[in-house]
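Enquirer: Provided herewith is a single structure, encoded as structure tokens, for subsequent inquiry.
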Amino acid sequence: LPVSVIVLLLPILKAIIVPALLLVFFLVGAVESGNWIGFMNSLIFISPSENRPIYLGLMNTLLGIVMLSFALLGGVIAQLLPLHILFSLSTISAVAAFVAARKLHSV
């Protein structure tokens, strides 16, 4: 069963669902911010100082295209899948991102 269905079926969990979701989304935001800062710092660290503006400009240009494509794909997926499946996939993705972030080593 999807996580959202399990949560809705257990009455004891209904009282803590909003605080739990707030905590999950706070942690996802913190992990995402940390990943982005680490990625940008590692790019600056490995790029030669004379080419650094070109590296950063190219990266931001390419990321803009990719992020637009992901936003469009996310909208299509949100239209095609039922909400309980969508939220279950989001929860699984958030846990996977947290586990992956915990395995990162400092550069």
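The values are calculated or read from the model by the stated rules, or taken from the named source; none is laboratory data. What you see is a predicted model; the values in this text were computed from it and never measured. Virtual Cβ from ideal backbone geometry, glycine too; neighbours counted across all protein chains shown. Please note that ligands, DNA and RNA were not included when accessible areas were found on the heavy atoms of the full protein model with its side chains. Shrake-Rupley method; radii C 1.70, N 1.55, O 1.52, S 1.80 Å.
Enquirer: Being touching a Pro at 6+ places or on another chain (Cβ under 8 Å) and part of a helix (DSSP H, G or I) is the requirement here; does F98 meet it? Can you show your working first?
Expert: On the way: touching a Pro at 6+ places or on another chain (Cβ under 8 Å): no; part of a helix (DSSP H, G or I): yes.
Taking the combined requirement at face value, the residue does not satisfy it.
Enquirer: A follow-up question, please. Could you list all residues from region 16-29 that are aliphatic (A, V, I, L, M), modelled with pLDDT of 80 or more and farther than 16 Å from A100 by Cα?
Expert: Start the filter on region 16-29 by keeping residues that are aliphatic (A, V, I, L, M), which leaves 16-18, 20-24, 27-28.
When the remaining residues are screened for being modelled with pLDDT of 80 or more, the result is 22-24, 27-28.
Passing the criteria: L22, L23.
Enquirer: Does any residue of region 71-87 turn out to be in contact (Cβ under 8 Å) with a residue 12 or more places away in the chain, in a helix (DSSP H, G or I) and of a type in the set (S, T, N, Q)? Give the derivation first.
Expert: Of region 71-87, the ones in contact (Cβ under 8 Å) with a residue 12 or more places away in the chain are 83-85, 87.
After this cut, where a residue has to be in a helix (DSSP H, G or I) as well, the list is 83-85, 87.
Next, from what is left, pick out any that are of a type in the set (S, T, N, Q): none.
There is no residue in region 71-87 that is in contact (Cβ under 8 Å) with a residue 12 or more places away in the chain, in a helix (DSSP H, G or I) and of a type in the set (S, T, N, Q).
Enquirer: Here are some conditions: (1) β-branched (V, I, T); (2) at pLDDT below 85; (3) open to solvent by less than 60 Å² (accessible area, probe 1.4 Å). I12 meets all but one. Which one does it not meet?
Expert: (3)
Enquirer: Still on this structure: Say whether the condition of being part of a helix (DSSP H, G or I), charged (D, E, K, R) and closer than 25 Å to K103 by Cα is met by at least one residue in region 30-43. It would help to see each step written out before you state the result.
Expert: Here is the first cut: in region 30-43, the ones part of a helix (DSSP H, G or I) are 30-43.
Adding the requirement that they be charged (D, E, K, R) leaves 32.
Next, from what is left, pick out any that are closer than 25 Å to K103 by Cα: 32.
Taking every residue of region 30-43 in turn, at least one turns out to be part of a helix (DSSP H, G or I), charged (D, E, K, R) and closer than 25 Å to K103 by Cα.
Enquirer: Just need a number here: residues in region 44-72 that are more than 23 Å from A101 (Cβ to Cβ) and open to solvent by 70 Å² or more (accessible area, probe 1.4 Å).
Expert: 11
Enquirer: Then there's this: Restricting the search to region 80-107, which residues are open to solvent by 100 Å² or more (accessible area, probe 1.4 Å) and within 15 Å of F25 (Cα to Cα)?
Expert: Of all residues in region 80-107, those open to solvent by 100 Å² or more (accessible area, probe 1.4 Å) come to 80, 83, 87, 92, 102-107.
Residues satisfying the conditions are F87, I92.
Enquirer: What are the pairs with Cβ atoms under 8 angstrom where one residue, in region 18-29, is touching a residue at least 24 places away in the same chain (Cβ under 8 Å) and the other, located anywhere, is open to solvent by 90 Å² or more (accessible area, probe 1.4 Å)? Sequence gap at least six, or different chains.
Expert: Note: pairs meeting the criteria are L27/F98; V28/F98.
Enquirer: Could I ask something else about it? Go through (1) under 17 Å from I17 (Cα atoms); (2) in contact with a helix residue (DSSP H, G or I) (Cβ under 7 Å, 6 or more places away or on another chain) and name the single condition S90 misses.
Expert: (2)
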